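Here's the structure we're looking at; comments come further down.
Here, each number is a calculation from the coordinates, and none is a lab measurement. Predicted model, so just to flag it, every value in this text is computed and none were measured. No Cβ is skipped: glycine too gets one built from the backbone with ideal geometry, and neighbour counts run over all protein chains shown.
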Amino acid sequence: MRDHPHEGAAAPHDAPGQGAGSGARPPSGAHAEIPEVWHGSATNRVQWLLAGVGAGCLALGIELAVDSSWTSSLTPLVMSVVGCVAAGLLVLFGTLAFVHVVVRVDEDYLEVRCGHIGVPRRRIPLDLVVGADFEPRVTPRHWGGWGYRWRPEQGTAVVVRRGEGLVLQLGDGRTFTVTVDDAEAAVRCIRRRLGLRKGSPAGA
């Protein structure tokens with residue numbers, strides 16, 4: 001037929017490598033696919049060493065309470081037991097809660113769950129998000145340590161390891177940072193969703 005002299009051939013205006021058989025997948029833009037739910041995580045196995053220290057403090061406190069032979073005064077014994085148990089529980093919770101983090105992005109929320117029991121947890125409506133950025137290097141030094149951090153000039157963060165992370169720009173001018181693997185994919189997903197909410201298909 002004269003209207004289609006080369007049926008099956010690439011269109012004249014197609015860029016090289018963008019034909020049907022090229023297998024190219026655009027990282028972002030109008031034709032990029034948005035997963036219904038994006039999942040990501042990050043783990044710091046070094047935190048298990050600190051958890052061992054906490055368990056040791058807890059065991060020492062129990063040992064003092066059960067087998068102590070102090071008879072002169074109970075006050076030093078009670079203080080020692082309470083101190084060891086409290087320190088052990090604090091270190092255990094502080095490390096086990098931040099040995100692992102899971103990030104979930106759906107149509108309406110970004111949710112962060114810490115530890116294997118999901119506590120603490122942060123859930124941010126995407127209606128409150130105005131932007132998302134990829135941060136190639138997040139370190140505890142930037143935030144004053146591991147865990148759930150807050151700094152008045154920076155906002156809040158969940159830091160479980162050094163490395164890449166996701167930074168959300170919130171409508172109140174604050175930021176929320178979380179260390180997560182494949183943070184660039186999370187940024188693309190969030191930008192696309194924000195763009196669709198604003199009526200722009202690209203959103204990136």
Label-point separation in nm, Ile124 to Glu33, each point 7 Å along Cα→Cβ: 2.7
Local net charge near Val167, Cβ-Cβ under 13 Å (Lys/Arg +1, Asp/Glu -1): -1
Pairwise FRET efficiency - Arg162 versus Arg197, Cβ, R0 = 35 Å, nearest 0.05: 0.60
Prolate/oblate/rounded label for region 114-158 (Cα gyration tensor, a/c 1.5): oblate
Relative contact order (%) - criterion: Cα under 8 Å, at least six apart; region: region 124-169: 49
For region 139-204, share of DSSP beta bridges that run antiparallel, in % to the nearest 5: 75
For region 125-200: rounded, prolate or oblate by the Cα gyration tensor [a/c cutoff 1.5]: oblate
